[in-house]
Amino acid sequence: MTPRQFLGKELCRARVTAGYSSQQALADHLGFERTVIAKAEAGERVPRDPVLTAWAKACDIDTEHYQRPRHPRPYRPDAPVHPEGVAQVRRPGEAVVSL
């Protein structure tokens, strides 16, 4: 399972737990197209911060662990690759960060 798929499953679980029985119901509540919800839950696309924030408020979840870093690390083609295909970047004195 990729990180995007994991996030999608978590968002789907949060939607259902919050009482939104369909993607359309949540999309209508948030004012977004259903495809935004569908692509996020399927792991096809990570929702943008405004979508994720609105989703979190509607479903009463904490997005702290799901939000993108404010200053993403640059892509390094020589970085080691995680078994699931996620690049890992390590700077001196820092832990491994999966992108």
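The values are calculated or read from the model by the stated rules, or taken from the named source; none is laboratory data. The shown structure was predicted, so the numbers you read here are calculated from the model rather than taken from an experiment. As a convention, Cβ positions derive from the backbone with ideal geometry for all residues, glycine included, and neighbour counts pool all protein chains shown.
Worth a mention:
- Within region 31-46, being free of Cβ contacts under 8 Å to residues at least 40 places away in the same chain and under 12 Å from Leu11 (Cβ atoms) holds for Val36, Ile37, Ala38, Lys39, Ala40, Glu41, Ala42.
- Helices (runs of 4 or more DSSP H) lying entirely in region 1-63 (those with 3 or more residues that are among the charged types (D, E, K, R)): 3-17, 34-41
- Evaluation of Glu44 against the conditions (1) at pLDDT 90 or above; (2) surrounded by 16 or more Cβ atoms within 10 Å (Cβ to Cβ) shows that the sole unmet condition is (2).
- Flag for Asp28 being over 16 Å from the mean Cα position of the chain (by Cα), of a type in the set (D, E, K, R) and at pLDDT 85 or above: yes
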